[in-house]
1. Starting from the 7 Å offset along Cα-to-Cβ, what nm value, one decimal, do you get for the label separation of Ala68 and Ser288?
2. Just name one of Cys62, Thr20, Leu89: the one whose Cα is farthest towards the positive end of the charge dipole of the chain (beta-carbon charges, Lys/Arg +1, Asp/Glu -1).
3. How would you order 181-190, 26-35 from highest to lowest mean count of nearby Cβ atoms within 10 Å?
4. Mind jotting down the three principal axis lengths of region 284-346 based on Cα atoms? Whole angstrom, largest first.
5. 7 Å from Cα along Cα→Cβ at both Arg132 and Val192: what's the point-to-point distance in nm?
6. Can you tally the net charge around Thr157? Count Lys and Arg as +1, Asp and Glu as -1, for every other residue whose Cβ sits under 9 Å from the Cβ of Thr157.
7. Mind pulling up the Rg/Rh value for region 216-268? Radius of gyration and Kirkwood radius, both on Cα.
8. Would you mind computing the Rg to Rh ratio of the chain from its alpha-carbon coordinates, Kirkwood style for Rh?
Amino acid sequence: MAEIQLYVDGRELTVEDSKTILEAATENGVYIPHLCHHSDLNPAGICRVCLVEADGILVPSCRAPVAAGMVVKTGGDLVNKARRLAVELLVVNHHDDCLACGKNNDCKLQEVARYVGVDKERLKRLRSRELRPVDDSHPFIVRDYNKCVLCGICVRTCDEIPCVEAIDFSFRGYDTKISTLGDKPLQESKCVSCGECLVRCPVGALLPKNGAQPAYEVKTVCSYCGCGCGIYLGVRDGKVARVRGNQDSPVNDGELCVKGRFGYSYINHPDRLTTPLIKRNGKFEEASWDEALELVTEKFQEVQNKYGAESLGGLSSARATNEDNYLFQKLLRSLGSNSVDHCARL
Ligand code: SF4
Ligand code: SF4
Ligand code: SF4
């Protein structure tokens, strides 16, 4: 890959020739407002908020490649006017109730509208659309069409990350919306509930059903299967309130499946066993680990004496660490049995 020089707001930048103008600017600390761009996804150039002037022509910087000697202006009358129009057209039918919105203060629309500036009086005159019903059919995701800015990030995410293609743009003009095949509720579509669209939606159009904000996070590894995805557990009131993928984890790059992202209620579930149980007189009773292990040793010996060592077998768990699984097979082999397996084929 060759390096080239271009000029952004009068500054000479040296970048790889494969970059877009937006990437070149961002890498060099120059802010260009954008909404439909996400660094995990192929650029789409839908929202037109990232318009810049390149060699005198307005181009969407998320899709325009850099060129040697190119002169880029990220501001100025031409750029600002075009951007403001793009943002106003996005905001105009956005039923904003920022104070009650789960995305407040973490919202890309707020960010770009604040940066670009919008004419509130003009917006009032243009506003027309009626409120649309919210789709809360899904067990984990709420889709609020009234806050959707049609950036297409959820559609591209579903196509490019889990490769499920459960959603797409549908209808035309003012009626355009993101929907499933046959405009059915998300829960009845082929959505696999990975939640990858949810984490990338730049506004409050896709929000988790459980809206609790964690007080702090704990970095750990998902214990559901043998993949070992890096996660952060969000904790509130001593309980897990949310899970997010660790983007620095080489295993999953921040991506998660439905179990890792949403299946955490078992951790604090009242039915969860937290102590060994021993059946006495037909009823399970709580016991200490020493009591339980003694009983297991006794039973193992009984079986071994009666039927031979090969009659023993063990099933290990993909939720245990490699080291624990290694010790488990060692235990079985030391008892004289090679019958050991695991459940890692999830
Ligand atoms: S999506 Fe953003 S702009 Fe819209 S109501 Fe929520 S916080 Fe406000
Ligand atoms: S739901 Fe969110 S990600 Fe999808 S198009 Fe609307 S604003 Fe974009
Ligand atoms: S949750 Fe996953 S599968 Fe379902 S629509 Fe979103 S990205 Fe697609």
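Computed from the coordinates by the stated procedures, all read-outs in this text should not be read as laboratory data. Since the structure is predicted, the reported quantities are computational estimates derived from the model, not experimental observations. Don't worry about glycine lacking a Cβ; one is built from the backbone with ideal geometry, like all the others, and counts go over all protein chains shown.
1. In this crude spin-label approximation the distance works out to 7.9 nm.
2. Towards the positive end, the residue furthest out is Leu89.
3. Working: 181-190: 14.1, 26-35: 16.7.
Highest mean packing first, the order is 26-35, 181-190.
4. Result for region 284-346: principal-axis Cα extents of 31, 31, 18 Å.
5. 2.6
6. Values: positive: Arg156, Arg200; negative: Asp40, Asp159, Glu160, Glu196.
Around Thr157, the surrounding residues sum to -2.
7. Working: Rg = 10.3 Å, Rh = 10.9 Å.
So for region 216-268, dividing Rg by the Kirkwood Rh gives 0.94.
8. Details: Rg = 27.5 Å, Rh = 24.4 Å.
When Rh is taken as the Kirkwood radius, the ratio is 1.12.
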